[in-house]
1. What residue, among those in the stretch B:118-163 that are touching a residue at least 12 places away in the same chain (Cβ under 8 Å) and not in a helix (DSSP H, G or I), is nearest to the other protein chains (Cβ to nearest Cβ)?
2. Filter the stretch B:27-53 down to residues that are small (Gly, Ala, Ser) and over 17 Å from the mean Cα position of the chain (by Cα) and give me whichever is surrounded by the fewest Cβ atoms within 10 Å (Cβ to Cβ).
3. Look through A:PHE322, A:PHE370, A:PHE267 and report the one residue that is touching a His at 6+ places or on another chain (Cβ under 9 Å) and farther than 23 Å from A:SER76 by Cβ.
4. Return yes when A:MET107 is over 20 Å from A:TYR245 (Cα atoms), outside any loop (DSSP other than H, G, I, E, B) and not small (Gly, Ala, Ser) and no when it is not.
5. Are any residues in the stretch A:240-268 buried (at least 22 other Cβ atoms within 10 Å of the Cβ) and of a type in the set (D, E, K, R), and if so, which ones?
6. I need the full set of residues from the stretch A:80-131 which are among the aliphatic types (A, V, I, L, M) and under 19 Å from A:LEU37 (Cβ atoms), in order please.
7. Taking the condition more than 10 Å from every other protein chain (Cβ to nearest Cβ), buried (at least 21 other Cβ atoms within 10 Å of the Cβ), over 19 Å from A:ALA227 (Cβ atoms) and among the aliphatic types (A, V, I, L, M), does A:ILE113 pass?
8. Under 9 Å between Cβ atoms, at least 6 apart or on separate chains: pull out the pairs that start in the stretch A:423-451 with a residue that is of a type in the set (Lys, Arg) and end on any residue that is not in a helix (DSSP H, G or I).
Amino acid sequence: MNTDTILIYILLIVPVLLSLSYFGNLSQIIGKIGSILEAIIAFIALTIPLGEYSYFNINSVNRILIISVSIVYTFSVFFASTYHRGIKEPRHLKLHYSLMHLFVFTMLFTLAINDFGLMWIGIEATTASSALLLIIERQKTEIEAAWRYVLIVSTGLTLALISVILIYLDYHTLNSVSIINAGHSPSFILTVAGATALVGFGTKIGIFPMHTWLPDAHGEAPSEISAMFSGILLPVAAYVLYRFYLATYSGRLEIIFMIFILATLVFVALIMPSQKNIKRMFAYSTMENMALITLGLITGGLALVGALLIILTHAFGKSGAFFSSGNILKIYGTKKIDSIRGLRNKSPSTAMSLLASSLAVTGAPPFTAFVGELLIIYQLISNGSLLAVFITVVCIFIISISLMQKVTVMIFDGNTDKDEVAGLDKTQKYVAGLSVLFAFSIIFVYLGGFI
Amino acid sequence: MIPLSEIYDFIATMMLFVAIWAQIGSYVITKIEVIVIQTTFLAIYAFISGLATLNYDLIILAFLIIFIRGMLTAYILLKKFPERRSLIREKSTTVPSIIIVSIIILIATLIIYRLTIYQFAPSPITAIGFVIAIQGLLLIGTRKNKITQFTGYIEEENAMILLSLGIFPLPLVVEISVLLDVLALVIVAAVLLSGNLASEKLEELMG
């Protein structure tokens, strides 16, 4: 076993070991130190050359996802440390930390594993490890949202198992690198496999009409979990779908994917203007981002680079948006947009992070999501998919305008001279601010030629 | 001597009848019994198939199916029932119409199967697996009781194993991991099943 393989094993083992902190009394401090350690290991793992390593593989897409998973995980652990300070049952908080570590392990496993069957299992395991993260306060709405999440996502993923069976039937192996590198001629069986993968993994990604769990889970989860769900879990599922797509590609399949992606964008454009809950609003924005990421991945060429840029900006930008939403919930005690006014005076730092993260996730310049969207549109024009370009541009415009209108109203409306700055823990403010800063810094990563 | 293929067809058909039985009646306890019976049939199928082909992976799989899904899962779900569990009924009054819908969907599923999967997997076992999967989805989509919904999910998972056995058995490590994954979900679901067993419409979860 070479050092690169050992490094991948270490990357996977660390969060598992951290999850054992449930059995001690230092879960918070262990979580903080451990998550920083994990982020450092992930950065060191960037030095691993692309290729196959025992049961794993490192490619240009999953190495970027591994980094974003590790950093968002670190931010989330720090955010949780103060966000849940007033929790009634400390036992629940220990379990919460422990499950967060396991959740990260399942995501990293899914990204690194080279076997389509085990990839499916990894994604299914993310559901099992994350469902209980939604119910830290054991409230009625949280339990109902978690139930819908478990049931809808698991049911959808079960259909994706058909795809695994059909790929195994056709190739007699589940090794993803061998299958994708060998290439294939389009066939009916593989098109069916790709379509079932779309329905199955599309449920997890939030592709319309299988998305129904997504706004509920994102809306009711604690903010750091919403950040992890939106910023890293869904892109991990999109990565898995991308690998299945490469293994089953055909012209007909591309059209099927395109129809579902565009339907998702149209759906979000229709529902976004009527959103009344800040977290549900960002959940629908996540659907838009995921649709664009999937669109970029399947289009290929420059669009693939565009997708990678959106993955990174979305990971940090959306995390920042959910952290800011959590801070707003602490200040105002509500998630209703109509009840949130005068944020600029009440919490200038939260107003700043909310505004910047909203600009990042809507693809406004100078954030890299703008460049990413531009590259995807450029590639679509080059491919002659003009109808797709038209629908995408119109939907992005409507979604961005709707989201920014609601955000600016919350920040700039209702400010008076009598407003007092609300007290908010520094860690929460810093984590939200840092996320946005990371989202912004992706432009330098891109300009520096690292992507 | 009865041909082996007929034994397989018989077992798969019994699994299908059990899936239809799950749609009938409104006592929730029946749904768990249905899952135990269906899982037992699935385990018998895997066991016979393993013996016939001398594939020890399938024999191991058969024992794991009966232990993990037949016994452990049923036990965990039964523990979630309050006292006098045999008397708990679903609140839905649409059960009779669901049965009719179930039969119509069964026929529609077979037609879809004939037009799609049949082209590369022309086996009655695969057809039945496909039909059971859709019946499981129907059970989830039409019922409000969470235990019934979850048994629909288990039924769907059973259907996937049957599909896999009918088309091309997956490697044992994948099959075992699938079983363990489902077990983990059962444990998670058991936690979420505490309190009200009916799925609710909540204002906060709308829009």
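1. Taking the stretch B:118-163 first, the residues touching a residue at least 12 places away in the same chain (Cβ under 8 Å) are B:121, B:123-140, B:142-163.
With not in a helix (DSSP H, G or I) added as a condition, the list becomes B:121, B:123, B:143-145.
Details: B:ALA121: 7, B:SER123: 12, B:ARG143: 11, B:LYS144: 11, B:ASN145: 12 Å.
For the stretch B:118-163, the residue satisfying everything is B:ALA121.
2. From the stretch B:27-53, those small (Gly, Ala, Ser) are B:43, B:46, B:49-50, B:52; that's our starting set.
After this cut, where a residue has to be over 17 Å from the mean Cα position of the chain (by Cα) as well, the list is B:49-50, B:52.
Details: B:SER49: 22, B:GLY50: 20, B:ALA52: 12.
Among those residues, the one meeting the criterion is B:ALA52.
3. On the way: A:PHE322 fails: farther than 23 Å from A:SER76 by Cβ; A:PHE370 fails: touching a His at 6+ places or on another chain (Cβ under 9 Å).
Exactly one of A:PHE322, A:PHE370, A:PHE267 is touching a His at 6+ places or on another chain (Cβ under 9 Å) and farther than 23 Å from A:SER76 by Cβ, namely A:PHE267.
4. Working: over 20 Å from A:TYR245 (Cα atoms): no; outside any loop (DSSP other than H, G, I, E, B): yes; not small (Gly, Ala, Ser): yes.
No: the conditions fail for A:MET107.
5. The answer is A:ARG243, and nothing else.
6. So in the stretch A:80-131, the residues among the aliphatic types (A, V, I, L, M) come out as A:80, A:87, A:93, A:95, A:99-100, A:102, A:104, A:107-108, A:111-113, A:118-119, A:121, A:123, A:125, A:128, A:131.
Passing the criteria: A:ALA80, A:LEU99, A:MET100, A:LEU102, A:VAL104, A:MET107, A:LEU108, A:LEU111, A:ALA112.
7. Working: more than 10 Å from every other protein chain (Cβ to nearest Cβ): yes; buried (at least 21 other Cβ atoms within 10 Å of the Cβ): yes; over 19 Å from A:ALA227 (Cβ atoms): yes; among the aliphatic types (A, V, I, L, M): yes.
Judged against the criteria, A:ILE113 is a match.
8. Pairs found: A:LYS429/A:SER347.
The values are calculated or read from the model by the stated rules, or taken from the named source; none is laboratory data. These figures come from a predicted structure and were not determined experimentally. Virtual Cβ from ideal backbone geometry, glycine too; neighbours counted across all protein chains shown.
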